[in-house]
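K.L.:
First, the structure itself, so that you have it in front of you.
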Amino acid sequence: MPTIRRPMLHPMIRTISLLFLLLLPGLGLAQTYAALEEPDSSGIYKIRLSPALRSAMRGNLHFLRILDSKDKEVPYVRVKPEPARLVRTSLPFVRYKTDSSSSYRVERPSNAEWGSIILKIASNDLVKSYTVSGSDDGEEWFGMTGKLTLAGMRSADGFVKKEIEFPSNPFRFIRIEFDDRKLLPVFVQSIETHEYPKGARELVRLEGVSQSSEEDLQRKKTVIHLSFPEPQVVNRIGFDVTAPALYRRQLRLSVPGVVVRRGNRTEGKKEIAAFALSSDGSDEFGIPELFTNKLTIEIANDDNPPLAIAGISLYQDQLSVAADLKKGEQYRLAVDTLYSVPRYDLAYFGGAVKPGAPELKAGEPLIAGKDKSADSDFGWLNRKEFMWACIVFGILVIGYLARNLLRDLDKKP
């Protein structure tokens with residue numbers, strides 16, 4: 001009976017395996033922690049999350065946990081902004097009718113921050129398709145949405161309110177156009193909007209923003225680049241324009257993105273907002289929430305001299321959570337991108353967080369196991385590039401080992 005010979009690892013394979021085992025600890029992503037102040041009494045506390053914490057969370061609240069001294073999870077709930085701060089405003093509108101459509105046009109006050117308008121529609125059983133477009137002069141219109149539909153418009157009260165959403169835009173006029181070719185028009189009694197008054201929202205100004213600019217003389221544009229050391233959540237942008245005295249410029253805001261053309265994916269930019277910066281309007285604008293470390297602003301100058309901009313400020317909405325904490329207990333915030341979505345009973349009781357609830361401050365985020373004294377000599381061990389190099393190296397080693405193992409197994413005894 002022939003003896004079965006076990007495949008022997010090549011000395012080089014053993015060496016590579018040893019190196020892989022030595023580098024294996026570098027593959028684990030360390031958790032980020034922030035200590036909490038000790039509660040003075042037991043009860044519901046509000047905890048404000050700093051920009052540094054939200055950066056560690058990658059802009060995702062699901063990666064956050066509150067741990068007690070025994071590392072047990074403490075349920076939390078997101079604190080929502082007070083709805084009383086939203087101001088509803090009735091909007092005058094003009095209705096236009098053709099044989100195939102009916103449209104409703106509203107004029108937006110200079111740089112008012114609208115992300116939607118609300119139509120009060122007479123109760124009906126119809127399903128109506130519509131589009132939203134914008135114009136700066138009321139003559140030439142530009143599309144903002146594709147064909148959308150409104151349904152579920154029956155109400156016992158005789159009227160129903162429907163919210164029409166659209167992208168951030170620089171237009172003075174907004175038009176909602178209904179398709180009436182197959183169904184009779186709907187009756188719109190009134191149009192209103194709701195927005196936050198300036199200064200009503202809790203905002204956190206982002207620090208450490210680097211800025212550079214260049215003039216594109218061929219396209220008659222000013223291009224401004226903003227960047228952060230680490231990606232941040234951005235909800236708002238403000239400009240400090242010092243000259244000229246009178247101006248109105250169209251701005252476009254974009255972030256790095258992947259562009260697909262004819263099946264080819266290339267690095268490019270993705271436009272996320274457009275607005276008009278005017279001397280007689282607001283100098284701050286709300287934008288769709290971003291999580292990025294780079295922003296590009298293009299200002300169309302036409303035949304005007306470039307704007308003199310003393311500074312650009314970026315803000316994020318204040319994000320807070322609330323938890324039921326015990327007096328004398330030690331708590332900390334833990335952030336880990338491997339956490340899944342938590343399911344807490346407290347999520348059903350957001351109303352339990354009353355205005356004026358006591359607050360606890362969180363300390364500066366720290367990476368577990370990181371020794372600050374060793375940053376100068378071994379700080380490269382914590383760099384993302386090194387982590388990815390370890391991962392790629394590990395994959396190559398595993399592939400090499402598997403190939404050689406299969407080759408030895410295929411050999412006849």
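K.L.:
Can you give me the three principal axis dimensions of the range 208-306 from its C-alpha atoms, in Å, biggest first?
P.N.:
45, 31, 21
K.L.:
Using the heavy atoms of the protein chains and a 1.4 angstrom probe, tell me the accessible area per residue for the range 226-298 in square angstrom. Please list the in-between numbers first.
P.N.:
Working: 3820 Å² over 73 residues.
For the range 226-298, the solvent-accessible area averages 52 Å² per residue.
K.L.:
Using each residue's phi in the range 354-367, evaluate 6.51 cos²θ - 1.76 cosθ + 1.60 at θ = phi - 60° and report the 3J(HN,Hα) Karplus result to the nearest Hz, with x for Gly and Pro.
P.N.:
Result, rounded to whole Hz: 7, x, x, 4, x, 10, 10, 8, 9, x, 5, x, 10, 8.
K.L.:
Taking only Cα atoms of the range 146-260, what ratio of Rg to Rh do you get with Rh as the Kirkwood inverse-distance radius?
P.N.:
Values: Rg = 21.1 Å, Rh = 19.9 Å.
Here Rg/Rh amounts to 1.06.
K.L.:
Keeping every protein chain in place, order Thr266, Thr292, Thr242 by accessible area at 1.4 Å, biggest value first, i.e. largest first. Before the final figure, lay out each step's value.
P.N.:
On the way: Thr266 70, Thr292 20, Thr242 90 Å².
Descending accessible area places them as Thr242, Thr266, Thr292.
K.L.:
Just round it to a whole percent: the fraction of Cα-Cα distances in the range 93-220 exceeding 25 Å.
P.N.:
Working: 3143 of 8128 pairs.
Of the Cα pairs, 39 percent sit more than 25 Å apart.
K.L.:
Ok, one more. Going by average Cβ density within 10 Å per residue, which order do the peptides 53-66, 214-227 take, highest to lowest? Working shown, then result.
P.N.:
Values: 53-66: 19.1, 214-227: 13.8.
Final packing ranking: 53-66, 214-227.
K.L.:
Another question, then. Past 32 Å, Cα to Cα: identify those pairs from Lys294/Lys361; Lys80/Lys327; Lys161/Lys269; Lys120/Lys182, in the order given.
P.N.:
In this structure, Lys161/Lys269 lie more than 32 Å apart at Cα.
K.L.:
Then there's this: From the phi of every residue in the range 151-156, what ³J(HN,Hα) in whole Hz does the Karplus formula 6.51 cos²θ - 1.76 cosθ + 1.60 yield, where θ is phi - 60° and glycine or proline is x?
P.N.:
Per residue, the Karplus-derived 3J(HN,Hα) values read 9, x, 9, 8, 8, 5 Hz.
K.L.:
Kindly sort Ser69, Ser123 by accessible area of their heavy atoms, largest first, with the probe set to 1.4 Å. Intermediate results must be reported in sequence, preceding the final value.
P.N.:
Details: Ser69 75, Ser123 45 Å².
Ranked list, largest accessible area first: Ser69, Ser123.
K.L.:
Run the 1.4 Å probe and let me know the accessible area of Tyr400, rounded to the nearest 10 Å².
P.N.:
70
K.L.:
Under 5 Å between amide hydrogens, which residues at least 5 positions from Leu206 or on another chain qualify, with H placed 1.01 Å from N in the peptide plane?
P.N.:
Leu314, Tyr315, Gln316
The values are calculated or read from the model by the stated rules, or taken from the named source; none is laboratory data. Everything numeric in this text was worked out from a predicted model, so none of it was measured. Positions of Cβ are backbone-derived with ideal geometry, glycine not excepted, and every protein chain shown enters the neighbour counts. The accessibility values were calculated without ligands, DNA or RNA, using every heavy atom of the protein model including side chains. Shrake-Rupley method; radii C 1.70, N 1.55, O 1.52, S 1.80 Å.
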